[in-house]
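To keep things clear, I will list the structure first and then write my remarks on it.
The values are calculated or read from the model by the stated rules, or taken from the named source; none is laboratory data. Remember, it's a predicted structure, so these values are computed and weren't measured experimentally. No Cβ is skipped: glycine too gets one built from the backbone with ideal geometry, and neighbour counts run over all protein chains shown.
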Amino acid sequence: MSKTIWFLLFSALHGIMQLNGQTSIGKEELPPFTINTLTDKGAWCWFADPRALHYENENGSINSSYIGYIDVDGFIKATQIDHLHKQTHEVMIRSWFQPDDHNNPTFLVLPDERIMIFYSRHTDEPCFYYRISQNPGDITTLGEEKRINTGHNTTYPSPFILSDDPEHIYLCWRGIGWHPTVARLTIPDEKDEVEFDWGPYQIIRSLKGVSGVRPYAKYASNGKNKIYVAYTSTHPDNQTVNWIYLNYIDINTKELKDIKGNQLSLLGESQLHDVDITDAYKDNYPLAVVDDSPLRNWIWELTLDKKENPVMATVGISHDKSSHDYYQIRWTGNEWQKTFLTNAGGHFHLSPDIEKCYSGGLAIDKLNPQIIYGSVPVEGKFGRIYELKKFIVSADGKSVTEEQLTFNSPKNNARPFDIAGGTTSPTLLWMQGDYYDWIVSAQRPMGYSTAIKTTMYIPKAEIDLDKGLVLDRIIGNMTTGKQKSFRTPKLENFSIALTLSPNRLDLQGVIIQINDLSYEVNKGDLPYPVLTSKGKQYVSSNVLGNSNAWKKQPRGTNGRWYTPETDDVYHLTVSYDGTILRTFINGLLDQSVPIKGLLLSEVTVGGFSGAVEKLLIYNRSLSQDEIKTLKKAQ
């Protein structure tokens, strides 16, 4: 047969393959959605939730998504996507925090529509921290950091407000004795203060008499009167057999009940509900046991379907921890239905000697809990990489279809999350990058070097850094007390951007002065930025420093606060739109202060020890996208 005939046959066969929907030879598969980068530096654990949420109000004035994470420098951050006004803001919630991915923030919408953000260290400090937006639905207006003392070490805050008791916040966490804990808080007062008025109380007691027990819990509410809690006997590393259980808290009666409403205990009483891994426990409480398979079981997510039936995403891990299997488990109204999804390989991260029960991760689709998203190892152009797949479980639980969502990723995709309250499906977020450990330390200083990816559209502002530029100067070395002044046209809107190299041993003093307004670093033990206007001070909740000192310390959670380290270079921006003065540190929004009638005609720089490598002044308020672009360019 001639070469021409062979070519014609091959071309015909190739065309038939394309008509039948098969991938043509050499064609790269593409994801079924656009993938955007929310942040280059961010991570989370999967037990503090909601790590992200979407909120729309009835009158249409708020339509925003809020996504929280922590980076390896110890910065707790959040991105607000305002879908109504097509704006994106990244906010620094707290700098210089324990660099540990367990410390990601969680969100709650208050009755007045302000956003409350909770966070805590990883089980080595007896308190929670929180900040509250001063304007409804807008975390760019966060108030000062507050602290709630608990009397015991805490982690994983999960807050709720329920319609049967809208005057209180119900907060769940891992607390008393390393066990699931619940308390009721007052709604913030006029000073944003809250207090416990019921609890904290331990919810259950697992494996009584066994030391080191740590049940892991996930929570979900029906929005009215119930908080469901799914939990394990302990950490799957601790025992080769680790059961999964489910109860719920009735907030009206303060009872802990099984799925059918039978009382297990009265919260706050001395007699706790004792949980065990025995046939006797299962015989006595058959409705409390979700999964008694002889594996190292763990929970990834809990949600409720439209009939208020609990649905879980779980993993069963082999005794030697080398093989992880994903499952959906749902309550049918009569029994627990368990459906195998796929094998998920072993631990997803790059450190072979720790946390072998860390799967790639699972997320439940909030609009349809029969859809589960999972991180699964796949061979691709960059080798064996964890990619995202979508699993659809039939109503009877007997069949599963799957679809790969990400392809040929250069780094692992892990710990997916689907946002509750979203109007489209999927509204996915996940981590992508090199993950070595859940904490930064001398042993593994790279920690969790990941970005946050998303399927959501991220609005971007127009960037034109030549527009409105009225001053561009290199100033050079500065000494304490030395200042330089620059006159400008009278400006009602303006932005002042500095590239600053401070003296690390003497980071204090005035940075910028504008008429009666100053921006300085206080002279206390820690370098907090302070705005002063008309005699009133606005002290930032964020230290001008990072948590890189943890990179030189032993791995672990010891409750210590190491001295913050100063960056070699800071990019500081003050931006004024005629009503709000905003300050940015290295591109992140730090403070947002309402000030009226501020007029710029002269800028004085200096009063600190260091160097000003660049001073830019604009006759307009720069967007955060422009400020971040300036940072990258300088």
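Please determine, by comparing only the residues of region 185-209 that are in contact (Cβ under 8 Å) with a residue 60 or more places away in the chain and in a strand (DSSP E or B), which one is surrounded by the fewest Cβ atoms within 10 Å (Cβ to Cβ). By that ranking, first place goes to W198.
If I filter region 606-618 for residues that are touching a strand residue (DSSP E or B) at 6+ places or on another chain (Cβ under 8 Å), closer than 30 Å to I458 by Cα and polar (S, T, N, Q), do I get at least one hit? Looking through region 606-618, none of the residues is touching a strand residue (DSSP E or B) at 6+ places or on another chain (Cβ under 8 Å), closer than 30 Å to I458 by Cα and polar (S, T, N, Q).
Which residues, taken from region 153-175, are outside any strand (DSSP E or B) and either crowded, with 17+ Cβ neighbours inside 10 Å or small (G, A, S) (or both)? Once the filter is applied, which keeps residues that are outside any strand (DSSP E or B) and either crowded, with 17+ Cβ neighbours inside 10 Å or small (G, A, S) (or both), region 153-175 yields N153, T154, S163, G175.
Residue count for region 393-406 under the criterion of being surrounded by fewer than 16 Cβ atoms within 10 Å (Cβ to Cβ) and not polar (S, T, N, Q): the result is 5. Hey, could you check region 140-152 for residues that are surrounded by fewer than 23 Cβ atoms within 10 Å (Cβ to Cβ) and not in a loop (DSSP other than H, G, I, E, B) and say which is nearest to the chain's Cα centre (by Cα)? Within region 140-152, the match that is nearest to the chain's Cα centre (by Cα) is T140.
Residues that are among the aliphatic types (A, V, I, L, M) and crowded, with 19+ Cβ neighbours inside 10 Å within region 492-516 comprise I496, A497, L498, L500, L507, V510, I511, I512, I514, listed in sequence order. Taking the criterion of being polar (S, T, N, Q) and in a loop (DSSP other than H, G, I, E, B), the residues of region 235-248 that qualify are N238, Q239, T240.
Counting the residues of region 578-634 that are aliphatic (A, V, I, L, M), part of a loop (DSSP other than H, G, I, E, B) and without any contact (Cβ under 8 Å) to a residue 60 or more places away in the chain gives 0.
The criterion of being closer than 29 Å to L589 by Cβ and touching a residue at least 60 places away in the same chain (Cβ under 8 Å) holds for E144.
Cβ-Cβ distances below 9 Å connect the following pairs, each with a first residue in region 340-358 that is touching a residue at least 60 places away in the same chain (Cβ under 8 Å) and more than 16 Å from M446 (Cβ to Cβ), a second residue that is surrounded by fewer than 19 Cβ atoms within 10 Å (Cβ to Cβ) and of a type in the set (V, I, T), and a separation of six or more residues or different chains: F340/V400; L341/V400; T342/V400. The set of residues in region 233-278 being out of contact with any Ser or Thr (no Cβ under 8 Å at 6 or more places or on another chain) and hydroxyl-bearing (S, T, Y) consists of T240, Y248, T253, S265, S270, T278. Residues in region 530-556 that are in a strand (DSSP E or B) and over 27 Å from H122 (Cβ atoms): 7 in all.
Here is a yes/no grid of residues against (1) surrounded by 18 or more Cβ atoms within 10 Å (Cβ to Cβ); (2) more than 16 Å from V470 (Cα to Cα); (3) out of contact with any Pro (no Cβ under 7 Å at 6 or more places or on another chain):
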| residue | (1), (2), (3) |
| --- | --- |
| V569 | no, yes, yes |
| G578 | no, yes, yes |
| D590 | yes, yes, no |
| L598 | yes, yes, yes |
| F608 | yes, yes, no |
| L616 | yes, no, yes |
| Q624 | yes, yes, yes |
| A633 | no, yes, yes |
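Collect the residues in region 545-560 that are more than 22 Å from the chain's Cα centre (by Cα) and under 28 Å from L500 (Cβ atoms), keeping them in residue-number order. Across region 545-560, the qualifying residues are A549, K552, Q553. Among the residues of region 513-530, none qualifies, meaning not one is in contact with a Phe, Trp or Tyr (Cβ under 6 Å, 6 or more places away or on another chain) and touching a residue at least 24 places away in the same chain (Cβ under 8 Å).
Summed over region 326-357, the residues that are within 24 Å of Y228 (Cα to Cα) and either not assigned by TED's automatic domain parsing to the domain that holds L388 or not β-branched (V, I, T) (or both) give a count of 13. Taken over region 211-234, the criterion of being within 18 Å of S158 (Cβ to Cβ) and either out of contact with any strand residue (DSSP E or B) (no Cβ under 7 Å at 6 or more places or on another chain) or not in a strand (DSSP E or B) (or both) is satisfied by R214, P215, Y216, N222, G223, K224, N225. The residues in region 387-403 that are in contact (Cβ under 8 Å) with a residue 40 or more places away in the chain and closer than 19 Å to W46 by Cα can be counted, and the count is 2. If the condition is being surrounded by fewer than 18 Cβ atoms within 10 Å (Cβ to Cβ) and within 19 Å of the chain's Cα centre (by Cα), then region 437-451 contributes only M446. None of I392, I372 is out of contact with any Gly (no Cβ under 8 Å at 6 or more places or on another chain) and under 30 Å from T123 (Cβ atoms) except I372. Restricting attention to region 465-501, and to residues there that are out of contact with any His (no Cβ under 8 Å at 6 or more places or on another chain) and of a type in the set (V, I, T), which single residue is nearest to K631 (Cα to Cα)? Result: I496.
Conditions tested, residue by residue: (1) touching a His at 6+ places or on another chain (Cβ under 9 Å); (2) at pLDDT below 95; (3) of a type in the set (G, A, S); (4) buried (at least 22 other Cβ atoms within 10 Å of the Cβ).
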site	(1), (2), (3), (4)
T4	no, yes, no, no
I25	yes, yes, no, no
P32	no, yes, no, no
Q98	yes, no, no, yes
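The residues of region 189-221 that are within 24 Å of the chain's Cα centre (by Cα) and either acidic (D, E) or in the same structural domain as N242 (by TED's automatic domain parsing) (or both), listed by number, are D192, E193, R214, P215, Y216, A217, K218, Y219, A220, S221.
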